[in-house]
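Data first, discussion second: the structure below is written as structure tokens.
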Amino acid sequence: MPIFRVHTNVAKSKVPAAFLSETAEELAKAMVKPAQYIAIQVNGDQPMTFGGKGDPCACCTLQSIGQISGAQNKQYTQLLCGLLQKHLVIYLLIYINSKCHNTN
């Protein structure tokens, strides 16, 4: 089950439901996984700064069993950054750490 976790200083009240649903839908397409297996978790209102500034920022992790490689990571990063910018208005820092878990 892929999970995309977002830790952000954006207020929880500013995280629209559309971010969760659109992110799950788009990530399912990109990862070629059923949408019902995609989990999205947003931890808003986190005390965070980047470069000493309190502007909106995020630290994210994408984890999955399979479907994460260097080329795929670039595709996922572009997709997820676009969604974070569109829905949470985060432009300055978006750090996405992708992890692939082996089944062996």
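At-a-glance table
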{"item": "Selection count, segment 5-36, where residues are surrounded by 13 or more Cβ atoms within 10 Å (Cβ to Cβ), over 15 Å from the mean Cα position of the chain (by Cα) and either of a type in the set (F, W, Y) or part of a loop (DSSP other than H, G, I, E, B) (or both)", "result": "1"}
{"item": "Filter result (in a loop (DSSP other than H, G, I, E, B) and under 15 Å from the mean Cα position of the chain (by Cα)) within segment 47-67", "result": "P56"}
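None of the figures in this text is laboratory data; all of them are computed from the coordinates on show. Just so it is clear, the structure is predicted and the values come from calculations on it, not from any experiment. Cβ sites come from the backbone with ideal geometry, for glycine too, and all protein chains shown count toward neighbours.
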